[in-house]
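Q: Structure provided below as structure tokens; questions to follow.
Every number in this text was worked out from the coordinates using simple rules, so none of it is lab data. Computed from a prediction, not measured in an experiment: that's the story for all the values here. Glycine gets a Cβ as well: all are built from the backbone with ideal geometry, and neighbour counts include every protein chain shown.
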Amino acid sequence: MENQQPSIEELLKNMERISGGEPRPMRVLSKINPAFVFEQARSRKFVMDQPLIPSKYKHLIMIAVAAAGESELCTTTFMKGAKIAGVTKEEIAEAIMVARQAKGATIFAASVDGFEEILKDT
């Protein structure tokens, strides 16, 4: 039997169920290019189905990346989805602290060339 693709509305409803809220960016994109929304869903499933990193860690990585990238909408969406998937609020808070540490460290790394330049004359 051939796999039948869900309608765009069914797909968006599933995204809402998984994320715990309205998938606003996907809803808007569905009006412009529905194929992109299907690709986004396929790609997420592909990533989440990979066996080496547990699902909980994948959720925490998504939260940390979204927060470090300063996307409030994605951070909140990923937090809600993680909660639905069983990730605790304490684990989510710790992921944010790890992201803060990693992002903060990049400030030093980004400035090292400049420091080396200004130290040449001393």
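Q: How big is the Cα convex hull of the chain in projection, averaged over all directions, in nm²?
A: If you wrap the Cα atoms of the chain in a convex hull and average its projections, you get 11.2 nm².
Q: Where does each of 70-81, 100-111, 26-37 land if you order them by average Cβ count within 10 Å, highest first?
A: For the peptides 70-81, 100-111, 26-37, the packing ranking is 70-81, 26-37, 100-111.
Q: With a cut-off of 8 Å between alpha carbons and a minimum separation of six or more residues, what is the relative contact order of the chain in percent?
A: Relative CO of the chain lands at 23 percent.
Q: Would you mind counting up the charge near Ala109? Only other residues with Cβ under 14 Å from its Cβ, with Lys and Arg at +1 and Asp and Glu at -1.
A: -1
Q: Rg to Rh ratio, the range 1-51, alpha-carbon atoms and Kirkwood radius?
A: Rounded to two decimals, Rg/Rh equals 0.98.
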